[in-house]
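The values are calculated or read from the model by the stated rules, or taken from the named source; none is laboratory data. What you are looking at is a predicted structure, and each value in this text was computed from that prediction instead of being measured. Every residue, glycine as well, gets a Cβ built from its backbone with ideal geometry; the counts of neighbours run over all protein chains shown.
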Amino acid sequence: MRRAEVSLARGEDRRLRAGHLWVFSNEIDVAKTPLTSLEPGALVNVRDARGQGIGTGYVNPHSLIAVRLLARAPDVAIDRDFFRERMLRAKALRERFGLGPYGRMVFGEADGLPGLVVDRYGEHLVAQVATAGMEALRGLVQDTLVECFAPEGILYRNDLDARKLEGLPEGEAETWGTVPERVRVEEAGLAFEVSSRHGQKTGWFFDQREHRSRLARLCPGQRLLDVFSYTGGFSVQALAQGAREAVAIDQSEAALRLAVENAERNQLRGLRTLLADAFDALRELAESGERFGVAVLDPPAFIKRKKDFREGLLAYERLVGLTVRVLENPAFLVIASCSSHLGADELRLAFLRGVRRAGREARIVGTGGQGPDHPVHPAIPETGYLKVIYGLIEER
Ligand code: SAH
């Protein structure tokens, strides 16, 4: 069967030629190549207005991102060789950084596999398929994952918001082979267990790996306040580095239970958990006069859509203000944002405003982003979503 063609409107090839991989629906010349006749997920050739080949991609006529490119020429075979080559390249990159068998092995567009995320928990893989196009290629995904990683099992998490936008079924995870409900992570010489089926994302936030170690080094002899602690990644590493105590706040009881187990698993004492809304818990800690030498704020994305921007920015600012009130003088405050709509400068502004709100001074002593197993596609700003600021907080 001949591959369907998608013709771009005049000038709409520019962004793709500059390196981007997405075609938005309004950039297509639908008079020439109507989208409506195409099946969601079908492979297409993308051409510019003069008919020159731009690439091979997959289409979803119902999505705002109508086409995602898989290759930079038309008629490229999207077969097992194609997937093998992409996956081995992704794997080799992680090996160069010595990341071992724990981490994100495939990060969608940034690894040339739009719509696919694969996290590795030793023998087990947890995947997220976010688009109709990648769903249609799932047989190949599976075969090559098995070939390249020889896992005992692959779990496909289907509970992604993105699937709804693509018209894909959500809900129950599907498995190939066996994947236990509890999967294992080793990080900085410590062992963790998280929930593969019910945990956040695929169970563990590999993107913060570097920051958990970096923060832990600030903690010997200190009390750590770990706000939005999830399963205790920051707290456990801080305790292992000699923190006196770690107070972990999260609104998820299941996450905190795992945090406690993860501390015990590594024979670490000194973890206290607070099951609460972070804003409420911070106010209560301030009222009871508690003080901390280090705090980390790693909230969920407050700004999921552009229209949440103002409110989200204010939420970061309020959080910083509330946290600064429970800090010793001097103290370190580490704040992270995984909202791709919030830039590093804007996070810095929220940080500054929050500190001023609490009547303190600050200096920035470090910044960072996601680790190398979450490479950033330089043409697709959305792939570089994590920003982290290390602040030193002092009296005026
Ligand atoms: N720091 C963690 C990841 C944090 S993920 C790590 O390194 O592993 C964000 C966490 O925030 C989730 O566990 C979620 O349950 C929690 N959360 C979201 N909104 C919250 C709120 N208002 N108060 C407390 N916790 C919240």
Exactly one of ALA243, ALA238, ALA216 is over 20 Å from the mean Cα position of the chain (by Cα), away from the ligand (no atom under 12 Å from the Cβ) and surrounded by 24 or more Cβ atoms within 10 Å (Cβ to Cβ), and that residue is ALA243
Answer yes or no: is there a residue in the stretch 377-390 that is outside any helix (DSSP H, G or I), surrounded by fewer than 21 Cβ atoms within 10 Å (Cβ to Cβ) and touching a Leu at 6+ places or on another chain (Cβ under 7 Å). yes
Using the structure shown, decide if GLN208 is crowded, with 22+ Cβ neighbours inside 10 Å, in the same structural domain as CYS338 (by TED's automatic domain parsing) and in contact with a Phe, Trp or Tyr (Cβ under 9 Å, 6 or more places away or on another chain). yes
Reported set for the stretch 17-38 where residues are among the aliphatic types (A, V, I, L, M) and out of contact with any helix residue (DSSP H, G or I) (no Cβ under 9 Å at 6 or more places or on another chain) is ALA18, ILE28, VAL30, ALA31, LEU38
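Each row is one residue, and each column tells you yes or no for (1) without any contact (Cβ under 8 Å) to a residue 40 or more places away in the chain; (2) part of a strand (DSSP E or B); (3) of a type in the set (Asp, Glu).
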site: SER7; (1), (2), (3): no, yes, no
site: GLY11; (1), (2), (3): yes, no, no
site: ARG15; (1), (2), (3): no, no, no
site: HIS20; (1), (2), (3): no, no, no
site: PRO40; (1), (2), (3): no, no, no
site: ALA49; (1), (2), (3): no, no, no
site: PRO61; (1), (2), (3): yes, no, no
site: LEU69; (1), (2), (3): no, yes, no
site: ALA73; (1), (2), (3): yes, no, no
Across (1) more than 10 Å from the ligand (Cβ to nearest atom); (2) in the same structural domain as GLY369 (by TED's automatic domain parsing), ALA188 clears everything bar (2)
Log entry, pairs with first residue in the stretch 191-213 being without any contact (Cβ under 8 Å) to a residue 60 or more places away in the chain, second being among the hydrophobic types (A, V, I, L, M, F, W, C), beta carbons closer than 6 Å, six or more apart or on different chains, reads ARG197/ALA173; ARG212/PHE234; SER213/ALA188
By my count, strands (runs of 3 or more DSSP E) wholly in the stretch 255-357 with at least 2 residues that are among the small types (Gly, Ala, Ser) and either more than 15 Å from the ligand (Cβ to nearest atom) or crowded, with 22+ Cβ neighbours inside 10 Å (or both) are 292-297, 327-337
Taking the stretch 221-235 and keeping only residues that are assigned to a strand (DSSP E or B) and near the ligand (Cβ under 9 Å from one of its atoms), one is left with ASP226, VAL227
